[in-house]
Each structure stands twice: as structure tokens, then as C-alpha cells.
Amino acid sequence: MSDILTAIGLMSGTSLDGVDAAVLRTDGERVVEAGPALHFPYTPGVKASIQRAIRAALEGREGATEVGQAAVDVTDAHVAAVEGLIQRENLQRSSIDVIGFHGQTILHRPARSSGVQGRTWQIGDGAQLAAQ
């Protein structure tokens, strides 16, 4: 692959501290240039929303309103992180080729033994992030 792409990567961990956003340039196989990285803390409201979704997930309430609301809140926080990174680093929106977004983990149960299926659940709306 010879085209160089500019990517923004987003990471939000189970500590619920916020969103890390970083820029890099890549040919798809290697990092050509590492760019700036910034942290955007979750607001207390977003953190509380995610905590409510985690409780619902642990209780097995997959269709819970709390999960849907947290997905919206997580997506909005990631949109704000992308916008914040673009503004603070004076990037051109048109120069961003791809954004990596995995959402926010609200349930993680690894397989405990061979043959037992594990489970992980991330929330967030990649299509909504892309639309903004």
C-alpha cells in the first residue's frame, strides 16, 4: 500500500476517565508519523450515564433505556473529542481520512475455560460519529 492516510484513533477505557484521541499517519501497515494526542475527560453526567448502563448490562437488561442513553452520551463525548483535537491542533477536517472508534465497554466477561464462550459489550454509534 503506498497511499498515506491520516487517522484519528479514539480510546475510552473501563476506568471511565474519558476519551484519549490521537492522530497518526499510516500506509496501512506501519506508522509513518505519530501526531498529537490529547485526553478529554468525561463530564460527571456522562460518567454517571455509563455507570447506569453498566449496572443494566450486569443485570442482563440489554434493551434498557439506560444503555441507549449511554450510547448517545458516549458517541457525543467522542464527537467532542474529535472536534477538540481538530480545533486544538489546527487540523483540517478534510485531511482526516479515517477515525478508529470502538465505543465504550460496559460489560467484559472473558472465557474462563476452553469451550466456554466469553462476552464483551461496547456501546456507541459509529455511523452517528461519522455523520458529524
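Where a number appears in this text, it was derived from the coordinates with a stated rule and is not lab data. If you're wondering where the values come from, they're calculated on a predicted model, not measured in any experiment. Glycine also receives a Cβ, built like all others from the backbone with ideal geometry; neighbour counts cover every protein chain displayed.
Tell me whether the range 68-84 contains one or more residues that are out of contact with any helix residue (DSSP H, G or I) (no Cβ under 6 Å at 6 or more places or on another chain), touching a residue at least 24 places away in the same chain (Cβ under 8 Å) and under 23 Å from Asp3 (Cβ atoms). The answer is yes, given that some residue of the range 68-84 is out of contact with any helix residue (DSSP H, G or I) (no Cβ under 6 Å at 6 or more places or on another chain), touching a residue at least 24 places away in the same chain (Cβ under 8 Å) and under 23 Å from Asp3 (Cβ atoms). If you go through the range 29-51 and keep only what is in contact with a strand residue (DSSP E or B) (Cβ under 7 Å, 6 or more places away or on another chain) and in contact (Cβ under 8 Å) with a residue 24 or more places away in the chain, you end up with Val32, Gly35, Pro36, Leu38, Phe40, Pro41, Tyr42, Ile50. So if I check each of Ala64, Ala7, which one is surrounded by 13 or more Cβ atoms within 10 Å (Cβ to Cβ) and in contact (Cβ under 8 Å) with a residue 24 or more places away in the chain? Checking each option against the conditions leaves just Ala7. Among the criteria (1) surrounded by 12 or more Cβ atoms within 10 Å (Cβ to Cβ); (2) touching a Leu at 6+ places or on another chain (Cβ under 6 Å); (3) not in a helix (DSSP H, G or I), the one Ala34 does not fulfil is (1). When restricted to residues that are in a loop (DSSP other than H, G, I, E, B) and either among the aromatic types (Phe, Trp, Tyr) or farther than 16 Å from Gly68 by Cβ (or both), the range 108-132 contains 10. Within the option set Ala48, Ala71, being closer than 17 Å to Leu129 by Cβ, among the aliphatic types (A, V, I, L, M) and not in a loop (DSSP other than H, G, I, E, B) holds for one residue only, Ala71.
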